[in-house]
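The values are calculated or read from the model by the stated rules, or taken from the named source; none is laboratory data. Keep in mind that what you see is a predicted model, and the values were worked out from it rather than measured. Every residue, glycine as well, gets a Cβ built from its backbone with ideal geometry; the counts of neighbours run over all protein chains shown.
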Amino acid sequence: MSDGVGLLLRRAGFGPTAVELAAARRAGYDAALSGLTAPPGPDVGATSAPVPDLGPDAYAGKRDLTYEEKVKLEDLRTAQTEQITEWWLNRMTVASHQAVEKLVFFWHGHWATSVKKVRSPQLMLSQHRTLRSAPDFTVMARRMVVDAALNHYLDGHLNTRQAPNENLARELCELFLLGIGNYTEKDVKEAGRALTGWRFSLTRGRSVFDPEAHDPGRKTILGRTANYGAQSLVDMLLTQESCPRFIATRLWFRYGSSTKPLPKTLQEKMVRAFPAPMAMLRLLLTDEAFQTTVGTMVKQPVEWLVGALRQLGVRPASLTPEVRRAVLHDLENLGQLPFAPPNVGGWPSGGAWLTSAAAQVRLRLAGRIAEQAPIDQLTPDSLAYLLGVDRWTNRTFAVLRSTQDRRQLLTLGLVSPEYLVT
């Protein structure tokens, strides 16, 4: 039987170490929750993973390039993309403020933007800083509507008064702020007009506004008429009743359960805490409905990997370049690579991660991690303690008990149902 503190730490962060779990159990649920959602002081662990300085984009200010020059610049972009991906995985692993770090990853999946289309690691890192630094959802939404990476990803730079492109407007309504069913096609078209004129600049590393391409006319959106631009559009959408309810539902889907619906009473409590995401999350994690979700969440690949690295004392930055590349390759094959969600809807949840193909890749990646773990003596019981597993089923315990090899024992524990499902 899972205890509440264990569930709290597994869901709110990437996976507690044995020491963290033991300390939280001694402190009690309320103290553990406060430590997670209102951590005191700066993040000491994260200081060992400073944000990389990439300099300007490889193509910034460059014109009339030869084929050979373009190849070199693409190689540089590829190397820098690998650099920021490795950095973030390392930051997730060493961060002391685990709930804060996990929430940043949540927002990355919410405002899903992929470097595979954006191409510029500088723009992706700038977006990451926005998601990390925004004090609340209102500020975040205002900044994200003109974020250069998101603008590029959803073809906002093609949206002009002469030739409207509605991609960003549609996703702003459907996936980012309101949710399906809370707007009409006419609202999307009018919102598209409001967003005209924004471009991304590789030289400046941000979006710029071209007033000549903007439609300044009056627009009627959700029954309100005004000369909407990007900021006033977002401000109006944020006042819709559906907005905080939608954000509460998204938080529940990722932290509570991807199969059980969000209880109405909890949703209303979370709505009252909007636009403060951590306050909304705290209410979710405090509610008795959260405790009934044990065994309903499958760890996403990044959650699974980062948790394993933390619990086994393996730091991505200390791995050889070859092993780091292999880890990224395996994560990509598992379907979840930071900075590269599959589409604007973000990553799937639940049983989507439990395919037979994924099982083979996970087994291989678990073996790589186990090989790096600085652990000598191990038993099934000490492994459960190490991984924060409450107990093994009889079937899993029998398999683990029959295994003599330390690396194989670790590998099997990492791919066990008890570890994969929280």
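A few points about this structure:
- With respect to the conditions (1) in contact (Cβ under 8 Å) with a residue 24 or more places away in the chain; (2) touching a Gly at 6+ places or on another chain (Cβ under 9 Å); (3) of a type in the set (S, T, N, Q), Ser232 falls short on a single one, namely (2).
- When Thr138, Thr78, Thr66, Thr113 are checked against the criterion of being within 18 Å of the chain's Cα centre (by Cα) and either hydroxyl-bearing (Ser, Thr, Tyr) or closer than 23 Å to Arg204 by Cβ (or both), Thr113 stands alone in meeting it.
- Inspection of the stretch 162-170 finds no residue satisfying the criterion of being of a type in the set (Gly, Ala, Ser), farther than 23 Å from Val271 by Cβ and in contact with a strand residue (DSSP E or B) (Cβ under 9 Å, 6 or more places away or on another chain).
- Restricting attention to the stretch 141-168 and to residues that are free of Cβ contacts under 8 Å to residues at least 40 places away in the same chain and under 18 Å from the mean Cα position of the chain (by Cα), the residue that is surrounded by the most Cβ atoms within 10 Å (Cβ to Cβ) turns out to be Leu150.
- Residue check, Ala373 more than 30 Å from Asp155 (Cα to Cα), free of Cβ contacts under 8 Å to residues at least 60 places away in the same chain, aliphatic (A, V, I, L, M) and in contact with a Gly (Cβ under 9 Å, 6 or more places away or on another chain): no
- The residues in the stretch 197-244 that are more than 19 Å from Glu174 (Cβ to Cβ) and part of a loop (DSSP other than H, G, I, E, B) can be counted, and the count is 13.
- Residue satisfying all of: in the stretch 59-99; crowded, with 19+ Cβ neighbours inside 10 Å and of a type in the set (A, V, I, L, M, F, W, C); nearest to Leu123 (Cα to Cα) among these: Ile84
- With respect to the conditions (1) touching a strand residue (DSSP E or B) at 6+ places or on another chain (Cβ under 6 Å); (2) at pLDDT 95 or above; (3) not polar (S, T, N, Q), Ala373 lacks only one, and its number is (1).
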